[in-house]
Amino acid sequence: MNQRELFLKHVAQTSPTPLGLEIVKAEGVKLFDANGKEYIDLIGGISVANIGHRHPGVIAAIQKQLDAYLHIMVYGEFIESPQVKYAKLLSDHLPASLNSVFFTNSGAEAVEGAMKLAKRVTNRTQIISFKNSYHGSTQGALSIIGSEYWRNAFRPLLPGVSHVEYNSFEALNSITEEIACVVAETVQAEAGIIVPSNQWMQALRKKCSETGALLILDEIQTGFGRTGKLWGFQHFDIVPDILLLGKALGGGMPLGAFIADRKMMQVLTADPVLGHITTFGGHPVSCAAGMAAMTALFDEGILTLVKQKAELFKSLLIHVKIKAIRSFGLWLSLEFDSFETNKKLIDTCIIRGILCDWFLFAANCLRISPPLIISEEEIRKASFVIREILD
Ligand code: PLP
């Protein structure tokens, strides 16, 4: 059996049509397949490789940590310097109230932890989330995602969850003193990059403060510069009560986090003691890698060029078949008339060495979320290929 057959036979599948590329090397913005073919990566591992694949700083930090220790104890018992240093670095770049970092293995686990924390802090049980939002595949996260199609097959799910319209002022009336938390993506990713209005975000923050519902912002995709600022919420001049991070947080290693004020986070230490624990959350190698990635993001001034690169993409991606472009930072959604048009484009792009894909809840939209270090030349080349295929 060849590799592809073994992959299909022994690696559990998530769809009948996986991309199925066999990548043997990744470097910066490029991926290389088993035949030596080179790809410009416009997916970035779904907003993971923000500083590029295998950044030398990240590789060096991983190697250094490998020489010290791997897993030594379950999360929260030992003082593990990669966790301490990274939690401090994150806190230094967040508003003062977001100063306590609970590390997890994944984004979905950050969502789970945050919902549990909100229940304990507020003594309430009801949760509000938004239509077309994506928060992960574990049962709690699945309960709050905004698609009946994905939820329905796995019922019963968490009780007490209401899914309301995103960016709707009317929907804010559902936030009452019964609500433990409101979970929102700062910008809806899998809906095809839906950016809420400033006024709505501020009204959402105000309503949560008035009712005592905790505002949980999911920045698992919007974090680490994707939007042109370090955090997406900075565009809206608000601060969440709990912040969710994942994806780029680990610099290519698995890592998630929910972050809140220490006073709030302390409730997880008692009644029951050890009520929220994880074996591998905040793995020292992941924390070392993530810290190196965040340091590189600053040291290399990567954020400063995000807007300019996004503008270049937008100026080059003009074509009669592109019905609309939505974007926020170096994160674009190109809308086509159908999934079929989009899929044909994606398949041909891959043949031509450009990797892109669609959004979970917007299959007719092409996702462009490359590593933020993509060069002007790579943007021009990728855009040229996309336009040529559309022609
Ligand atoms: N939240 C958002 C906005 C996401 O995009 C994702 C993953 O795509 C998640 C949560 C879940 O993260 P993970 O796949 O690491 O569990």
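Okay, residues lined up against (1) closer than 30 Å to residue 270 by Cα; (2) within 11 Å of the ligand (Cβ to nearest atom); (3) part of a loop (DSSP other than H, G, I, E, B):
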{"residue": "151", "(1), (2), (3)": "no, no, no"}
{"residue": "154", "(1), (2), (3)": "no, no, yes"}
{"residue": "159", "(1), (2), (3)": "yes, no, yes"}
{"residue": "162", "(1), (2), (3)": "yes, no, no"}
* To do: Determine whether segment 8-17 contains at least one residue that is closer than 17 Å to residue 251 by Cβ and not acidic (Asp, Glu).
  => no
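To keep it simple, each residue is scored yes or no on (1) acidic (Asp, Glu); (2) surrounded by 12 or more Cβ atoms within 10 Å (Cβ to Cβ); (3) touching a residue at least 40 places away in the same chain (Cβ under 8 Å).
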site	(1), (2), (3)
10	no, no, no
41	yes, yes, yes
46	no, yes, yes
53	no, yes, yes
58	no, yes, yes
65	no, yes, yes
76	no, yes, yes
* Asked: Which residue out of 294, 265, 253 is under 23 Å from residue 116 (Cα atoms) and open to solvent by less than 70 Å² (accessible area, probe 1.4 Å)?
  -> 265
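Counting only residues that are within 12 Å of the ligand (Cβ to nearest atom) and small (Gly, Ala, Ser), which one in segment 86-112 is surrounded by the most Cβ atoms within 10 Å (Cβ to Cβ)?
First, the residues of segment 86-112 that are within 12 Å of the ligand (Cβ to nearest atom): 104-112.
Subset that is small (Gly, Ala, Ser): 106-108, 110.
Details: 106: 21, 107: 29, 108: 21, 110: 32.
Top of the filtered list is 110.
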* **Number of the condition not met by residue 92 [criteria: (1) without any contact (Cβ under 8 Å) to a residue 24 or more places away in the chain; (2) acidic (Asp, Glu); (3) farther than 30 Å from residue 28 by Cα]** => (3)
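Is one or more of the residues making up segment 6-28 closer than 23 Å to residue 224 by Cα, among the β-branched types (Val, Ile, Thr) and either over 22 Å from the mean Cα position of the chain (by Cα) or at pLDDT 95 or above (or both)? Break it down stepwise before answering.
Keep residues of segment 6-28 that are closer than 23 Å to residue 224 by Cα, which gives 26-28.
Then drop every residue that is not among the β-branched types (Val, Ile, Thr), which leaves none.
Taking every residue of segment 6-28 in turn, none turns out to be closer than 23 Å to residue 224 by Cα, among the β-branched types (Val, Ile, Thr) and either over 22 Å from the mean Cα position of the chain (by Cα) or at pLDDT 95 or above (or both).
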* Structure fact -> Here the qualifying pairs (Cβ atoms under 7 Å; residues six or more apart or on different chains; first in segment 303-324 and closer than 16 Å to residue 386 by Cα and open to solvent by less than 90 Å² (accessible area, probe 1.4 Å); second among the small types (Gly, Ala, Ser) and in a loop (DSSP other than H, G, I, E, B)) come out as 310/329
* **From the options 168, 197, 209, 174, residue that is open to solvent by 10 Å² or more (accessible area, probe 1.4 Å) and either under 21 Å from the mean Cα position of the chain (by Cα) or not assigned by TED's automatic domain parsing to the domain that holds residue 119 (or both)** => 197
* Got a sec? Which helices (runs of 4 or more DSSP H) wholly within segment 189-306 have at least 3 residues that are out of contact with any His (no Cβ under 6 Å at 6 or more places or on another chain), over 30 Å from residue 166 (Cβ atoms) and away from the ligand (no atom under 16 Å from the Cβ)? -> 284-299
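The values are calculated or read from the model by the stated rules, or taken from the named source; none is laboratory data. Note that the structure is predicted; figures quoted are calculated from it, not measured. Reconstructed Cβ throughout: ideal geometry from the backbone, glycine too, with neighbour counts over all protein chains shown. Ligands, DNA and RNA are excluded from the accessible area calculation, which covers all protein heavy atoms including side chains. Shrake-Rupley method; radii C 1.70, N 1.55, O 1.52, S 1.80 Å.
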